[in-house]
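To start, the structure itself, in structure tokens.
None of the figures in this text is laboratory data; all of them are computed from the coordinates on show. It should be emphasised that the depicted structure is a prediction, and the values quoted were computed from it without experimental measurement. Cβ placement follows ideal geometry from the backbone for every residue including glycine, while neighbour counts extend to all protein chains displayed.
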Amino acid sequence: MGIDERKIKEIAEHLDRCELERRETDKITDEYEITLEEAYVIQDELKRRKISRGHKIIGYKIGLTSRAKMRQMGVGTPIFGFLADYFMIPNGGKISLDELIHPKIEPEIAFIIKKDLEGPCCTPLDVLASTELIAPAIEVIDSRYRDFKFDLPSVVADNCSSSRFIVGCGTPPESLDLRNIGVIFEKNGEILKTSSGSAVLGNPANSVAMLVNHLYNRFEILPRGSIVLSGALSEAIRARKGDSFRVISSIGCASVKIV
Ligand code: OOG
Ligand code: MG
């Protein structure tokens, strides 16, 4: 490893404080040479800090799983992060801009997992067999890096820009073809983008299978009860005070208001 344990703790503390004090920072690779593996160790430390403050980990997210997002961020590899309990906002709820740095909104498809999933060879079919519900979702990302400018190790260390999320009512996956879930992304009643489930790696279940195999490499499983955000279907949109965002889909709706 290029950086030692002390540096890992220091960087995690720095990123954690930036989140809590809603401060921007330069990307960490401006100062340190960090491998992707080390970036996930920093993310683990960030997770430990939140758990030690009494927060629970309630799920995971995958990022950069659509061409639109890869193009927008200039990073072409899927990334994995965790979801803490305080990230979750009730459907139709409000988010105060004062709590965040420069939030952006993404339309997503969420999975609610009913049976533990374990790698190393998890397939999309395994994912469907262990999924209780598929639901429309909104992710609020809020990179701690200035202007959302980062490279792969920096964004992974920063828990993949995770900040808040909203999950709508779900549908059991049995009767669904996930590739054909139609999704309309609206801001203030105007359509920003239409897309379908296939925008996420051909099928969002592929994205969840990748997460399970990634967790296996880190000696973890995807536990039952987890919420998984499978990745944005289209570009993230900057949120301003007063904006309302809605994800309308063939399986239900999710909405949030920025105040
Ligand atoms: C990284 C997080 C991307 C997604 O769904 O693709 C992400 C970022 O764009 O800041 O959450
Ligand atoms: Mg996302």
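Ranked by the mean number of other Cβ atoms within 10 Å per residue, highest first, peptides 156-165, 177-186, 246-255 order as 156-165, 246-255, 177-186. A straight chain from K114 to E33 at 0.36 nm per residue would run longer than the Cα-Cα distance by 25.2 nm. Dimensions of the chain from C-alpha coordinates, computed as largest minus smallest value along each principal axis and given longest first, are 50, 44, 35 Å. Its residue count N sets the reference 2.2 N^0.38 Å, and the alpha-carbon radius of gyration of the stretch 125-200 equals 1.36 times that reference. Sorted fewest first by neighbouring Cβ atoms within 10 angstrom, K193, K27, K94 come out as K94, K193, K27.
Kirkwood's formula applied to the C-alpha pairs of the stretch 1-57 gives a hydrodynamic radius of 11.9 angstrom. Placing a label point 7 Å from the Cα of R240 along the Cα-to-Cβ direction, the residues of the stretch 189-204 whose backbone N falls under 19 Å from that point are 189-193. I'd like the distance separating the alpha-carbon centroids of the stretch 208-259 and the stretch 56-106, in whole Å. Value for the Cα centre distance between the two parts: 6 Å. Past the 24 Å Cα-Cα mark, which pairs from K61/K94; K7/K104; K27/K187; K9/K241; K27/K94; K149/K257? K7/K104; K27/K187; K9/K241; K27/K94; K149/K257, as the Cα separations exceed 24 Å there. Given +1 at the Cβ of Lys and Arg, -1 at the Cβ of Asp and Glu and no other charges, the dipole of the chain around its Cα centre is 700 debye to the nearest 20. I want to verify a result. In a Gaussian network model of the chain, Cα cutoff 10 Å, which of these has the top mean-square fluctuation: I89, I112, I227? Residue with maximal mean-square fluctuation among I89, I112, I227: I89. The Rg/Rh ratio for the stretch 13-111 is 0.94, where Rg is the radius of gyration of the alpha carbons and Rh is the Kirkwood radius. In percent, rounded to a whole number, the relative contact order of the chain is 28, using alpha-carbon pairs under 8 Å and six or more apart.
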